[in-house]
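Read the structure below first, then the notes.
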Amino acid sequence: MATVVADMSMSLDGFIAGPEDRIDEIFAWMGSGDVEVPLPVKTVMPAFRTDEASAAELRSTLDTLGAVVTGRRTFDLAGGWSGAHPMGAPAWIVTHNPPDGWEDTQVNFVTEGVESAIEQAREAAGDGLVGVAGASIVRQGLNAGVLDAVRVSVAPVLLGEGIRFFDGLENPPIALRPPRVVEGEQVTHLYYEVDARARR
Amino acid sequence: MSATVLDMSTSIDGFITGPNEGPDNGLGDGGHRLHEWALSGEPSGPTGVPPVTASGVNRKVFDELMSTGAVVAGRRTFEWAGGWGGDHHDGVPIFIYSRHEPGIDISEWPLVTYVDSVESAMSEAKNAAGEKNVMVHGAAVTQLALAAGVLDELELHVVPVLFGQGRRLFEGLDTDQIELERTRILEGEGGVNHLHYRVKH
């Protein structure tokens, strides 16, 4: 069975993007190191450049990733990754209005909501990983109880304003299991399984 | 050299209290969950604080906090906690940032001083602490101290729970972005992680 993981980089004060959608500081850990991890699809960038511990995390994710679920906003901001997600997995995009011109690509549009998108991604992923990204999609996934785990990569910066990772939870508190902690050079990866009581 | 160190327990989503916090409910509903790594069980004594139950890594972190040489907090944090009975730990001086007169009677508490600027509270506390660090408490003081550049370090105890509501530690930070340097991570018992950062001034 697939594992559904919300996976986001976040500032210490909880933002996944700063003012005007700035992500430079939050994503700095993926592009500023000495260890190269090639991306399967090189349209956005050819490779991650990071530290050894973070590289191991990224390699493990790339090895097991079977599908990606994200929102229309993320998709549009990335220009649709030219039709193929950089991590090399098919993507399911939650949207009300599917755009034209993406037939015969690795991108699928879902109009029936987050749960349906995750279910379709699960089927495609087999025993692999379903990566869920985008603040709104993660929130809906948590509220529906369909996320198995949350991985937060905490960047060493306070942004003060922007888009929060966790906002608008409907049934808090949500208990998580003690995390697996990976210390990158400056980034801190915290991998929490969602407690069974907060899952469906 | 003495440093001012923010000490706060927080949920992963950045809340330091549960919902419905107030003078008689300082931690908010369910807020004790954030402090269970250090204090748990039935409250005892005049301050209503549960007994210290931290052990192992958590105990080491707790003992570090209790070896600070002065405390700075905001008026709400202090007064809603009953002023810690006038003594936070070991009789160290306490400086409360407030633009108003005390809302509780502090006349019998010689350790407590009300100060009307965060900068003064921090510098007076550093002087009082000598070689030891200053423990800083509270969200409002954190915002002001960060904006004024007088907070040196952060020690956050990140508890494995999403609170979804309550008071946020970082809210309305009135400054440009602030770069940090992570200086330590300690994995505590029960899934709490103690993250330590130095503020790059």
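Hey, in the GNM for chain B with a 10 angstrom Cα cutoff, which one of B:Thr53, B:Thr17, B:Thr113 fluctuates hardest?
Per the Cα network of chain B with a 10 Å cutoff, B:Thr53 tops the list.
Could you compute the net charge surrounding A:Arg199? Neighbours are other residues with a C-beta less than 15 Å from the C-beta of A:Arg199; K and R count +1, D and E count -1.
With Lys, Arg at +1 and Asp, Glu at -1, the net is -2.
Compute the projected area of the convex hull of the Cα atoms of chain B, averaged over all viewing directions, and report it in nm² to one decimal place.
With every direction weighted equally, the projected area is 10.7 nm².
Where does the charge balance sit around A:Val150 when Lys and Arg score +1, Asp and Glu -1, over other residues with C-beta under 13 Å from its C-beta?
It works out to a net charge of 0.
Could you tell me the largest-minus-smallest coordinate of the C-alpha atoms of the protein assembly as shown on each of the three principal axes, in descending order and whole angstroms?
77, 41, 38
Just add up the charged neighbours of A:Val110: K/R +1, D/E -1, any other residue whose Cβ is under 14 Å from the Cβ of A:Val110.
That sum, taken over residues with Cβ under 14 Å, equals -2.
Which of A:Met10, B:Met8 comes first, and how do the rest follow, when ranked by fewest Cβ neighbours within 10 Å?
B:Met8, A:Met10
How do the peptides B:165-171, A:122-128, B:100-106, B:27-33 rank, highest first, by the average count of neighbouring beta carbon atoms within 10 Å per residue?
Order by mean packing, descending: B:165-171, B:27-33, A:122-128, B:100-106.
In what sequence do B:Phe78, A:Phe166 fall when counting other Cβ within 10 Å, fewest first?
Final ranking by Cβ density, sparse to dense: A:Phe166, B:Phe78.
By its C-alpha gyration tensor, with a ≥ b ≥ c as the square roots of the eigenvalues, how is segment B:1-79 shaped: rounded for a/c under 1.5, else prolate for a/b larger than b/c, else oblate?
It is rounded, given that a/c, with a ≥ b ≥ c, falls under 1.5.
Highest GNM mean-square fluctuation, chain A, Cα pairs closer than 10 Å: which of A:Asp13, A:Asp100, A:Asp34?
A:Asp100
For peptide A:178-184, what's the mean number of Cβ atoms from other chains within 10 Å of each residue's Cβ?
So the per-residue partner count for this stretch is 4.
When the helix-only estimate is applied to the protein assembly as shown (DSSP H runs of n ≥ 4, each -39,500 (n - 2.57), divided by the residue count), what is the mean residue ellipticity at 222 nm, nearest 500 deg cm²/dmol?
One gets -6000 deg cm²/dmol as the mean residue ellipticity at 222 nm.
Please order B:Asp87, A:Asp63 by the number of other Cβ within 10 Å, starting at the fewest.
Ascending Cβ contact count within 10 Å gives the list A:Asp63, B:Asp87.
Looking only at segment A:18-118, where both bridge partners belong to it, what percent of the DSSP beta bridges are antiparallel (to the nearest 5)?
So the antiparallel bridges in segment A:18-118 amount to around 30 percent.
Need the list of aspartates and glutamates near B:Lys132 for cross-linking: C-alpha distance under 20 angstrom, and skip anything on the same chain fewer than eight residues off.
Reachable aspartates and glutamates: B:Asp7, B:Asp63, B:Glu64, B:Asp87, B:Asp90, B:Glu119, B:Glu124, B:Asp152, B:Glu153, B:Glu155.
DSSP beta bridges in the protein assembly as shown, what fraction antiparallel, as a percent rounded to 5?
Taking every DSSP beta bridge within the protein assembly as shown, about 45 percent pair in antiparallel fashion.
Taking every DSSP beta bridge with both residues inside chain B, roughly what % is antiparallel (nearest 5)?
The answer is about 45 percent antiparallel.
With springs only between Cα atoms under 10 Å, which of A:Met30, A:Met45, A:Met87 fluctuates most in a Gaussian network model of chain A?
Evaluated over chain A, the most mobile residue of the options is A:Met45.
Counting only other chains, what is the mean number of Cβ atoms within 10 angstrom of the Cβ of each residue in peptide A:189-195?
2
May I ask for the equivalent-ellipsoid semi-axes of chain A, computed as the square root of five times each C-alpha gyration tensor eigenvalue and listed largest first in whole Å?
After diagonalising the Cα gyration tensor, the semi-axes are 23, 21, 17 Å.
Where a number appears in this text, it was derived from the coordinates with a stated rule and is not lab data. Quantities reported herein were computed from a predicted structural model and do not represent experimental measurements. Reconstructed Cβ throughout: ideal geometry from the backbone, glycine too, with neighbour counts over all protein chains shown.
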